[in-house]
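The numbers here are math on the coordinates, done by the rules we state, and not lab data. Since the model is a prediction, treat every value here as computed from it, not as a measurement. For neighbour counting, all protein chains shown are included, and Cβ atoms are generated from backbone atoms with ideal geometry for every residue, glycine included.
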Amino acid sequence: MKIEETPLKDCFIIKPEIFRDKRGLFLESYHKKKFIELTGIEKEFVQDNQSISKKGVLRGIHYQTGEFAQTKLVRVIYGKVLDVVVDLRPESPTFKQSFKIILDHENLYQLYIPKGFGHGFITLSDTSVFAYKCDQYYMPGSEAGIIYKDPDLAIDWEFPEEEMIISDKDLKQPFLKEVF
C-alpha cells in the first residue's frame, strides 16, 4: 500500500499493492495497521455502504454535519467513476477547494476523505459498483449537500450535463455561498 497526498489537506489517495497472474489478481483493500503506520491516522470504520449506478448517474455532493460528520474511505469495485471531493472545513487552508480523480476497477485506487468534506461521483462506465467505509453511522437529520453545478466550485464533471441522471434531491441542493 502506498499513500499519496492530494492538493487538499488531509485527503489521501491509497494505491494498493496488486498481485496479478494468469488467474486474475489479489489485493488487500484495507489493512488497519498499515494504514495507521503510513498516515498516522487511526479510524474505526463502523458502516460499509455500496451503490450500483448506471452510466451518467451523478451522486452528490453530499456530507453529514455536526457530531455525525463522516470520514470515508471510498473505492470502485467495478466500473469507472469520476470522484469529486470538496473541502468544507472553514478552518482548513484548502477550504472551498475541490479535487477529482478517476477511480476504477483497473487502478483500484481508494480515496480517504476526512470529516468536513463534501463528496460526489459520476459513473463514466456502463455500470459502477461503488463502496465506501464510514466512521460514523448515517443519520438522516444531519445529511446536507451542495449543488453539483455550483459556479463557485466550477467542477468539470467530464460528462455531458444533458446526459446526467440526477436525483430530485440532488438537483435541489443549495449553493456553497448559501451554506458557507
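Quick notes on this one:
- Prolate is the label for the range 38-130, because a/c, from the alpha-carbon gyration tensor with a ≥ b ≥ c as root eigenvalues, is 1.5 or above and a/b exceeds b/c.
- Highest-fluctuation residue, 119, 105, 62 considered, GNM on the chain with Cα pairs under 10 Å: 105
- Lysines with Cα under 16 Å of residue 172, excluding same-chain neighbours fewer than 8 positions away: 149
- Charge dipole of the chain (Cα centre as origin; +1 on each Lys and Arg Cβ, -1 on each Asp and Glu Cβ, all else neutral): 460 debye, rounded to the nearest 20.
- Which listed pairs, of 22/55; 15/169; 115/177; 33/80; 2/96; 54/169, have C-alpha distances above 25 Å, in listed order: 22/55; 15/169; 33/80; 2/96
- The Rg/Rh ratio for the range 127-180, using Cα coordinates for both the radius of gyration and the Kirkwood hydrodynamic radius, is 1.00.
- Cα-derived Rg to Rh of the range 2-179, Kirkwood definition: 0.95
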